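The values are calculated or read from the model by the stated rules, or taken from the named source; none is laboratory data. Just so you know, these numbers come straight off a predicted model, no measurement behind them. Positions of Cβ are generated from backbone atoms using ideal geometry, with glycine treated the same way; all protein chains shown enter the neighbour counts. Keep in mind that these areas ignore ligands, DNA and RNA; they rest on the heavy atoms of the full protein, side chains included. Shrake-Rupley method; radii C 1.70, N 1.55, O 1.52, S 1.80 Å.
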Amino acid sequence: MNYGFVIDQERCIGCHTCAVACKIENNLPDVVWWNRILTDGGAEMDIPAGEFPNTTIEYVPVNCQHCENPACTKVCPVGATYKDEETGIVHQDADKCIGCRMCMSACPYTGVRSFNWDEPTHVLDMNIGGVDAPEHQKHTVEKCTMCSHRVAKGEEPACVEACPARARFWGDLDDPNSEVSQIIKKRSFKQLLADEGTKPSVYYVG
Amino acid sequence: MSESTVTRPGITRRSFLKATGAVAGVAAVAGGTSSLVAFADGETSASNAEETICYGVCRSNCMQSCRYAAHVVDGKLVKLTPAEYAEDLYRGSCLRGMSYMHRIYSPHRIKYPMRRVEGTERGAGEWERISWDDAIAEIAEKFTSISQEYGPKSIVFDFGTGNYGEIQGQTGIFNRLGGVIGASKPAGMNDLATGYGIDRVIGTGLMYFANEAKSVLDSSHIVVWGSNPVHSTPQNWRWMQRAKEQGTKIIVVDPVKSATAHKADVYIPIKATTDGYLALAMANYILENDLQDDEFIAARSTAPLLVRRDTGMLLHKSDYAEVAEGEENPAYVWDNATGAIALYGEATDPALEGTFEVDGVTVDTSYTLLKQQLADYSISEAQRITGVPEETILELVDVFTKGDAVSVNISFGMDHYMNGYQSCWAIAILMALTGNLGRDGAGFTGIFLNTALALNMKALWAAPGFVGMTTAFPMTMLHEVAETQQFNGEDYPIKAMVSIISNAVSNWPSQNNFLEKILPALDFYLAMDMEMNDTVRYADMVLPVASFYEHEDFRKAHNLPYIVHQSKAIDPLYEAKDDVEICGLIGRAMGFEEAFPESNTFETYANLLLSSEACEKFNITLERLREEGYIDLSVLPGKPGIVGRTKFTTESGLAQLYTEKPAPRVNYGQDVKERFAKEHLVYYQPSAEVCEESEAAQTFPIVFIQEHSRWRTHSQWFNSPILKELDPEPIYKMSPEDAQERGIESGDIVEVFNDRGHMVVKCVIDPSLPQGMSRMPKGWQREQFIEGGYQELTYPTHDEWAVAFNFYDTRVDVKKR
């Protein structure tokens, strides 16, 4: 099994709902975002490239790519980041992580990981999100878990459930009949930084 | 509706937290004990480990109605997830709706009733906590004494759009209180020009012009005209995107290359506010080249109805015979078969065009008059006025004349200018002439409201002792009445005001008028809200109100065919109370026990509102809503709601090419005779300020629109801690050309100003804007600006017939700070 995402950029409207759903479901600390919506256009968010009226803009939601051949797992000195053989999810075990941030340097997808320099803080004085969402610890690296706590219960990741544009798909890339496999079979796709040889499990179509 | 109680695994989240927190703390605390301290201060006993799910519906004014599952743990709302509707593509959510708990539990939430500290200025931010008992006693005392001294009309009830619940919302329980007091209720002016203009043709009133959102699946073409659904109504856009995937062509007409324009097949840039001219020139071209839909015009429009030249009225049955009141009074047509007039429907060969003599009176057909009216609108002049090249205009003509079914997504972009209703009226005429109305895939979309279910507003509003609220003038005139304490030359004291689900200081145009003319006139200004927005900051007293999930309610959904229930998911936080309770407290303290007996609860009022014939027909009861969560109100099951499928809601049931009895939207004593004759037939009128010929255009070269973004619904969510991480501050966007001329670069601080006000704000260069256009996502509050605020820039006047706010009809200039 190799779970992965397909993101339809034709449908994606860059609304950040998936990012917010992720942040809430996983009770992410202040300023931490596991899933970010990048503007492919001008220099600022939501600003297109080009000259009026021939401007272009596209949105690229980016979270951990849960690579088939991850760069991060190879450099982790303590085995805190590893690829789960059963699901294909690349995990980051906060209890094992020593905060060396080697994984962050090795990962070509800058920004999908964040490091808690201080004790994580939450603007709300309570825990929100999934009752079994992961913990957040000082001096550890964290990132998208593909909502493994939800996946374990047979649910889809929060970002997929929340997407109002129905632009996010999730499933088993090893199963040729899964929705994700069917989409990438029929449509041309791209993967981020395919040259890096990481074989990311996130496919962008549209 | 509440559902599955999920039992969590052995260890509770919180106790688990404590365990891991301690481990992490010990491992990492070399330099301090903060995490251990946090641990010690943390939650104490283990919880009962249960997550309960109940259901609700988001009720802000985004014109959508996403249903949410509210996940509650230990009495706290921890998560909102999109909940199902029978039609799966209506299941929706957005970043605002999903993060609503960040407003509920926000550190900025208003917790207690508070009074402005005596002796401090309004807006100074000095507050003292008071008890509910003291607050209610003071409100009752102020309202009662002011009412006794100056009359009840001196108390203004201001209703906003912060909650579309039927009982606790804009049209809900506070109208009952206003009704027994006899307060003033200035006529609302938001988003009403679009409907007012379209009503001229299809008789749909102010808000009922649109087909259901999913109707676009049947459209061959969708023309998104002056709206930006990708940002402002993504739940509607989802259907348009599906349609596009099936082959529907999407064309966007907009002065700005909006997010929707970037997604469309074709983008047609147009000079702001000239849309009406474009539509009329197209209509004329279509008629001159015989491209119109003759079948539709003959069968479904008022084309053959005869208009008397002497009066401008239709020639009616009553012109020749007694017609009792309530009896049908059809108009006459000319029957070519007999060479004489015949009542509509009784002619063998009704003339669509022509001028005739009837008993010494000259009459023209409505179609003939429209054709004459349109004759002056040419494609070449359209190119000059609108900036759209002739060949592009002709391509758009092709869309309307050759497309199988064209829908126009319209909303309130054009609405927000002085000539908004003429623009929308013109487009409706274009749709009628091309037969793109009243059938699958054809017509307007934007804000579908269900007309089938009439609720019993009278039972809710008209309590024992009801005298009714007075609507003498529109909102834009309140500052004049307040300043002079006169209206139409007579005394009209304005002494107190209460803003209900409303952030009027932020969301009424010409903010300085509010601050400098309305506020000083008031002896008492009461605000009720969850957060310290502009209105609360300038009030004398604020009451903390319950959030969407802290009380029960239901709503007739926007853009969906359902009525949807809201369960009370959690108790109101702190000392917040819901509107039903607040209203009852104020009502009883003012002596209106009969209208607000203590025994009256939400249920009492809900049952009153649901006691209508239509509710009986659909079998809508509170019990069923509670049980089922939502109820389908589709008239034709499985088919999208289409306006005018069998007939239009005009007097004749036909699409009107000629408006017999035009009337201003609100009568407030203005001269209605002067323009009456002009209002029969559609025409183009330049906007007041944005049009290039205006006086303002000579001084202020840049148009400024306050666009609707994904971050806020009007001003709601203005202070959401989670959304501010993504969108932290006000950003003013200007075109590269305008920026370059002024030596401005992205990131610079600029002053945006006109002769009404200013704002100082960060600027970003945005090439989706042509030279002369600028924009800023709306909703930021004054304290979030470096100086001033965007609502200072807008003007407070209105078109005397549409009587609507004109937020976008605004020009500014910009300089680098």
How much FRET efficiency would the formula 1/(1 + (r/R0)^6) give for B:Val358 and B:Gln685, where r is the Cβ-Cβ distance and R0 is 35 Å, rounded to 0.05?
0.60
Among A:Cys15, A:Gly129, A:Asn27, pick out the residue whose Cα is farthest towards the positive end of the charge dipole of chain A, where Lys and Arg carry +1 and Asp and Glu carry -1 on C-beta, about the Cα centre.
A:Cys15
Could you sort B:Leu433, B:Leu352 by accessible area so the largest value comes first, with the probe set to 1.4 Å?
B:Leu352, B:Leu433
May I ask for the Kirkwood hydrodynamic radius of segment B:289-420, worked out over all distinct Cα pairs and given in angstroms to one decimal?
17.6
Whole-Å distance, taken between Cα centres, linking segment A:81-158 and segment B:378-417:
51
Between the Cα axis of helix B:132-150 and the main Cα principal axis of chain B, the angle (0 to 90°, nearest 10) is 40
Straight-line reach check, B:Lys142, cutoff 19 Å on alpha carbons, 8 or more apart in-chain or any other chain, hits among lysines -> B:Lys153, B:Lys185, B:Lys495
Eligible lysines near A:Lys83 by straight Cα distance, threshold 21 Å, same-chain separation 8 or greater
A:Lys74, A:Lys96, A:Lys143, A:Lys153, A:Lys199
Note: B:Ala86 to B:Lys815 extended length (0.36 nm per residue) minus current alpha-carbon separation gives 257.1 nm
I'd like the orientation of helix B:275-288 relative to chain B: the angle between its Cα long axis and the longest Cα principal axis, in ° from 0 to 90, rounded to 10.
30
Would you work out which of A:Ala158, A:Ala43, A:Leu192 lies farthest towards the positive end of the dipole of segment A:3-205, given +1 charges on the beta-carbon of Lys and Arg and -1 on that of Asp and Glu, about the Cα centre?
A:Leu192
Rank B:Gln241, B:Ser567, B:Gly182 by how far each Cα sits towards the positive end of the charge dipole of chain B (+1 on Lys, Arg Cβ; -1 on Asp, Glu Cβ) and give me just the farthest.
B:Ser567
Quick one: divide the alpha-carbon radius of gyration of segment A:1-53 by 2.2 N^0.38 Å and tell me what you get.
1.42
Starting from the 7 Å offset along Cα-to-Cβ, what nm value, one decimal, do you get for the label separation of A:Asn69 and B:Arg242?
4.1
Give the angle, between 0 and 90 degrees and rounded to the nearest 10, that separates the Cα long axis of helix B:420-433 from the longest principal axis of the Cα atoms of chain B.
50
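Taking N as the number of residues in segment A:3-205, what value does Rg over Cα atoms divided by 2.2 N^0.38 Å take?
My calculation over the Cα atoms of segment A:3-205 gives 1.02.
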Provide the solvent-accessible area of B:Asp133, counting protein heavy atoms only and rolling a 1.4 Å probe, rounded to the nearest 10 Å².
120
Cα coordinate range in the protein assembly as shown, projected on the principal axes (Å, largest first)
103, 69, 61
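If you scale each eigenvalue of the Cα gyration tensor by 5 and take the root, what three semi-axes come out for chain B, rounded to whole angstrom and sorted largest first?
Result for chain B: semi-axes of 46, 31, 29 Å.
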Antiparallel DSSP bridges in chain B: what percent, to the nearest 5?
60
Nearest-20 debye value, chain B charge dipole, Cβ charges on Lys, Arg, Asp, Glu
2400
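Go through B:198-207, B:798-807 and give me the packing order, highest mean Cβ count within 10 Å leading. Don't skip to the end; give the middle numbers.
Numbers: B:198-207: 23.0, B:798-807: 24.5.
With the highest mean Cβ count within 10 Å placed first, the list reads B:798-807, B:198-207.
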Using a 10 Å cut-off around each Cβ of peptide A:131-142, what is the average number of partner chain Cβ atoms that fall inside?
5
What Kirkwood radius, in Å to one decimal, follows from the Cα pairs of segment A:68-117?
11.1
Relative counts (whole %) of C-alpha pair distances in segment B:193-445, using bins that are 5 Å wide
1, 6, 13, 16, 18, 15, 11, 8, 6, 4, 2, 0
Over the alpha-carbon set of segment B:496-562, work out the extent along each principal axis and list the three values in angstrom, largest first.
44, 24, 18
So, taking all protein chains as they sit and a 1.4 Å probe, how much accessible area belongs to B:Tyr85, in Å² rounded to tens?
10
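Please express the shape of segment B:617-679 as an equivalent ellipsoid: the semi-axes are the square roots of 5 times the eigenvalues of the C-alpha gyration tensor, given largest first in whole angstrom.
Sorted largest first and rounded, they come to 39, 19, 8 Å.
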Compare B:Thr348, B:Thr713, B:Thr161 by solvent-accessible area with a 1.4 Å probe and give them largest first, with all protein chains kept in place.
B:Thr348, B:Thr161, B:Thr713
Working note, segment A:66-186: Cα radius of gyration (Å, one decimal) and Dmax (Å, whole number) are 15.7, 47
Exposure of B:Thr646 as accessible area (Å², to 10), given a probe of 1.4 Å and all protein chains:
120
Please work out the ratio of the alpha-carbon Rg of segment B:695-816 to 2.2 N^0.38 Å and round it to two decimals.
1.04
Checking the table B:Lys214/B:Lys263; A:Lys23/B:Lys244; B:Lys271/B:Lys678 against a 22 Å threshold on Cα-Cα, which pairs fail?
A:Lys23/B:Lys244; B:Lys271/B:Lys678
With R₀ set to 45 angstrom, the calculated FRET efficiency between the beta-carbons of B:Met313 and B:Ser131, to the nearest 0.05, is 0.10
Dipole magnitude (debye, nearest 20) for segment B:498-574, charges at Cβ of Lys, Arg, Asp, Glu
280
So for segment B:771-814, considering every pair of alpha-carbon atoms, how many percent are separated by more than 12 Å?
69
For segment B:193-445, what is the charge dipole size about the Cα centre, in debye to the nearest 20, if Lys and Arg each add +1 at the Cβ and Asp and Glu each add -1 at the Cβ?
1340
Under a point spin-label approximation (7 Å from Cα along Cα-to-Cβ), what is the B:Ala454-B:Asp265 distance to one decimal in nm?
4.1
Among segment B:273-315, those whose backbone N falls under 20 Å of a label point 7 Å along Cα→Cβ from B:Glu741 are B:273-274
Antiparallel bridges, percent of DSSP beta bridges restricted to the protein assembly as shown (to nearest 5)
65
